[in-house]
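Participant: I have a structure here, written as structure tokens, and I will follow up with some questions on it.
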Amino acid sequence: MQQIVGFTDTKRKVAVSLGVDPYSTNPVLQRELDGISWASFAGGLTFQVATMPIGGPALTVAGMTSTFQDMLREKSPTDLKIMNRKILLEMGANATDTEAFLNNGAFSPLEETAFVLNLKSLDGVANRGAFVRLAAKMSSDETDAIFCVETAELMGNLHNGEKPLARIALIGDFPICVAKDGTVVVALQWDYAAWTPLADRFAHDVKAEAKGKPCLVALSGAVSPRLRKELESREFRVQDLVAPGPLK
């Protein structure tokens, strides 16, 4: 048992050092991590990250990347869940939604913690519990979890930067924000967004929610020329490449 616990701890620290999720469902990544971690655990192998065959960016948290990585390195999944439960309840999420979120298998311990800490960075923003409830209800796989994490991070970056937020609202099953100046903010984690009938309907719903107030679409990736033209013709302000991913 001591060896198993020790190996798990080593694997978690190796993964964080490499910038990948130690709890990822990717079987290829897990196989590579196991091999590197066993060598480190059993043989005392030291390594340089630059020489490793795997890599890639781990999910980040608005304004606290190093602290987040320290948490992942030092805390077990159980410790992270205890911490996350406390944070969610303190920010106003109800107990039922909190437990539903914490028990949703779509979120790895890393993704769960990143989402919670990104919501925590929205200090003073009302109705964060609505996003917790939505994440618990609508997330069925890792893709959904990453969407929630990175959308919450975008919200945090806006809130602590150019556009302080007042509250979170929902349009159907999609979270939006209302800024302190009344602007309706759509913070969207998307690599490349194009104009579609669904985008047309959503833009109409956002304008109805805004009731004449300004509207801002902040996209992590890029918008197509057609999407930008259509949104700007409807008096949206469009800000893309806020947190560019693979298509940067």
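The values are calculated or read from the model by the stated rules, or taken from the named source; none is laboratory data. Just so we're clear, the structure is a prediction, and the values are computed from it rather than from any experiment. Backbone-built Cβ (ideal geometry, glycine too); neighbour counts: all protein chains shown.
Participant: Just to be sure I understand, how many residues within region 191-248 are more than 23 Å from Gly161 (Cα to Cα), assigned by TED's automatic domain parsing to the domain that holds Val178 and part of a loop (DSSP other than H, G, I, E, B)?
Facilitator: Of the residues in region 191-248, 7 are more than 23 Å from Gly161 (Cα to Cα), assigned by TED's automatic domain parsing to the domain that holds Val178 and part of a loop (DSSP other than H, G, I, E, B).
Participant: Turning to a different aspect of this structure: Can you pull out every residue in region 98-138 that is at pLDDT 95 or above and among the hydroxyl-bearing types (Ser, Thr, Tyr)?
Facilitator: Across region 98-138, the qualifying residue is only Thr98.
Participant: So which residues in region 140-152 are under 12 Å from the mean Cα position of the chain (by Cα) and over 19 Å from Cys215 (Cα atoms), if there are any at all?
Facilitator: Listed by number, the residues that qualify are Glu142, Thr143, Asp144, Ala145, Ile146, Phe147, Cys148, Val149, Glu150.
Matching residues to (1) in contact with a Pro (Cβ under 9 Å, 6 or more places away or on another chain); (2) more than 21 Å from Ala135 (Cα to Cα); (3) at pLDDT below 90:
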residue	(1), (2), (3)
Gly172	no, no, yes
Ile176	no, no, no
Asp181	yes, yes, no
Leu188	no, no, yes
Tyr192	no, yes, yes
Thr196	no, yes, no
Phe202	no, no, no
Pro225	no, yes, no
Ser233	no, yes, no
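Participant: Scanning for something surrounded by fewer than 16 Cβ atoms within 10 Å (Cβ to Cβ), closer than 16 Å to His204 by Cα and of a type in the set (A, V, I, L, M), does region 170-190 turn up at least one residue?
Facilitator: Yes, the conditions are met somewhere in region 170-190.
Participant: Can you pull out the residues in region 101-123 that are in contact with an Asp or Glu (Cβ under 8 Å, 6 or more places away or on another chain), free of Cβ contacts under 8 Å to residues at least 60 places away in the same chain and either closer than 17 Å to Met155 by Cβ or in a helix (DSSP H, G or I) (or both)?
Facilitator: The answer is Phe101, Leu102, Ala114, Asn118.
Participant: Further question: Would you say Thr98 is assigned by TED's automatic domain parsing to the domain that holds Ala135, free of Cβ contacts under 8 Å to residues at least 60 places away in the same chain, of a type in the set (Ser, Thr, Tyr) and farther than 25 Å from Ile168 by Cβ?
Facilitator: No: the conditions fail for Thr98.
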